[in-house]
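To start, the structure under review is shown below, and the notes come after it.
The values are calculated or read from the model by the stated rules, or taken from the named source; none is laboratory data. For clarity, every value in this text was computed on a predicted model and none was experimentally measured. Glycine gets a Cβ as well: all are built from the backbone with ideal geometry, and neighbour counts include every protein chain shown. Heavy atoms of the whole protein, side chains included, go into the accessibility calculation; ligands, DNA and RNA do not. Shrake-Rupley method; radii C 1.70, N 1.55, O 1.52, S 1.80 Å.
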Amino acid sequence: VSARRGSPRFVHAPDGRSWSYGALVAGVDLHVRAQPVSKLKDPKTYKIVGTSLPRVDIPAKVTGGIALVHARVVRPPRHGARLITVDAARIEHMPGVVKLVRNGSYLAVVAEKEFQAIRAMRALAAAAKWDMGPELPVDQNAAWSFLKTAPAQTDLIVDRPLGAPVEMIEADYARPYVMHGSIGPSCAVAVMRDGELTVWSHTQGVFPDRQAIAELLGMRDENVRVIHSEGSGCYGHNGADDAAADAALIAAALPGRPVRVQWMREQEHGWEPYGTAMTTRMRGGVDSNGAIVAWDYRFWSQTHATRPGGAGSTIAGWLIEKPFALPTPSFRPSPRGSADRNAVPYYKIAGEKVTSHFIATPMPLRISALRSLGGYMNVFAIESFMDELALAAKADPVAFRLKHLDDPRAVEVVKLAAEKFGWGAKAPDGHGYGFAFARYENLAAYLALAVEVEVERASGRVRLARAVAADDSGTAVNPDAIENQIQGGIVQAASWTLHEQVKFDRGGITSTDWNSYPILRFREVPDSIEVHVIDRPGQPFLGTGEAAQGPAGAAIANAIAHATGARLRVPPFTPEMVKRAISA
């Protein structure tokens, strides 16, 4: 018998008879040993081997499958703008255009091919007229004063009477709005069939996104299915949930056709939810023995969590004819926290006060969960101030931290990072050493980090040259994965600390591409990143994911201060900022 091309389910005998594979194996015991030697097919009888055949998998990979159509959305010129009119007649007759979708101020176009959709999107944007709505209440230079003057919910998180230091020092720290900056813009695929919607998305929360989409379309939750698919750079709450809502809304207008929605770069930069700006004020001092006796920390922040749980958390939900209101954020202090994550230092301090000021009023920019939430800013401020207090106490920064730690595991990671780094050695000319420590969320992984930076005094350019980390995550299930997480966290935090800031004026977002929102380049990656994992077999798993972000930002700031004598308290530490600080 033989198999033939074009007849994939049957085998054929020379006399013309044929059998299906199922019929051949029915009733046969398939548990047999393979023969060491089998009779091979005569090459003279080959029909396929040696011929050039097209790849059968390529069409689906390129198009996404049979009958897939491509959609692009047209966003308003800025948040708050409303669509007045759109002259759609010419766009409807452009090559490949399948459908225009308008629902209130929501505008999208669907085409057979991707570049046809892009061309139609551009034409549709040019044909739309908008009521621009109100300007933003502040520009980027006034963001921190906005936070400090807006009505706030104040919570006293820690309140122990402050002691009497030899000298009380003060410092203000802040961070700007920061993007997720996903390398690949957000994308989703959706299809509506027989009243049931299926969405493929790189969201981190398929169930919250499903609830938001169901509410957006007026469907029952059980008739909506959201399937997770990997995307290029999704952590926290970026544009993935919104792209899924876009695909769902468009697919509902075109039942039976799978719809792929791909955001453009300027849409990702201009419309994703950013990590919120924060500002802090620190007061503290040491006694005559160099011990901290006064620590007064206050921070101002908006929410770090607006992940979908309702249609009002999606862009589509704001723009449709009957819009959904954005939910009012709330705040409740907790150890894992959001804005207050790591706001309480993990040090033994005699007199301590930590105060949260949570702003729930309308926000200048759209914000939500960015990796580590408030942890990056709080650890950055705490660990920078620890160095400032060490300087006031005339103490070595590592020794000063050890003096204020009473958790043996914290002591061990600090000592290990310092030892492996070679702490105490003289830094090369133009270089500086910095150190930082935190226990993430005050109950997860312990992370100590020593870094070396190179500072070009003439230009102000800073490069992270090397980093040495020590980690204790409890039982180390996969040490390599722990190293990967910490290495990635250090690189990401270096990018935040040295480059990243959302720029905006009263007219809207001006960071719309990689030139206006630079990130760390390959040439800036450290020469080496060592991660030393302390395994604790049998101990609880502590989690590692975001342990490095806060210590990395603070260690870089401390290293710049060591190299230049200039203390920088507001990232990003751009060359212009560093040069000004050196010259001051």
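Tabulated data
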| read-out | value |
| --- | --- |
| Calculated FRET value between Thr510 and Asp221, using beta carbons and R₀ = 35 Å, to 0.05 | 0.35 |
| Surface share of carbon and sulfur [accessible, 1.4 angstrom probe, percent] for the chain | 54 |
| In Å², nearest 10: area of Ile157 left accessible to a 1.4 Å probe | 50 |
| Residue-normalised accessible area of the range 421-567, expressed per residue, 1.4 Å probe, Å² | 37 |
| Sequence of Phe522, Phe324, Phe421 from largest to smallest accessible area, 1.4 Å probe | Phe522, Phe324, Phe421 |
| Two-site FRET efficiency, Ser232 against His12, from Cβ-Cβ distance with R₀ of 60 Å, rounded to 0.05 | 0.80 |
| Gain in span if fully extended, Leu443 to Ile84, counting 0.36 nm per residue against the direct Cα distance | 124.0 nm |
| Approximate spin-label separation Asp287-Glu524, in nm, with each point projected 7 Å along Cα-to-Cβ | 4.4 |
| Qualifying GluC sites (Glu not before Pro) in the range 108-204, DSSP loop, other Cβ atoms within 10 Å at most 13 | Glu135, Glu167 |
| Computed P(r) (all Cα pairs; the chain; 20 Å bins; percent) | 18, 43, 27, 11, 2, 0 |
| Partner lysines for Lys39 [C-alpha distance under 24 Å; skip if fewer than 8 residues away on the same chain] | Lys47 |
| Probe 1.4 Å - accessible area at Phe115, Å² to nearest ten | 110 |
| Extension reserve of the Phe541-Arg461 stretch, reckoned as 0.36 nm per residue once the Cα distance is removed | 24.9 nm |
| Exposure of Thr45 as accessible area (Å², to 10), given a probe of 1.4 Å and all protein chains | 60 |
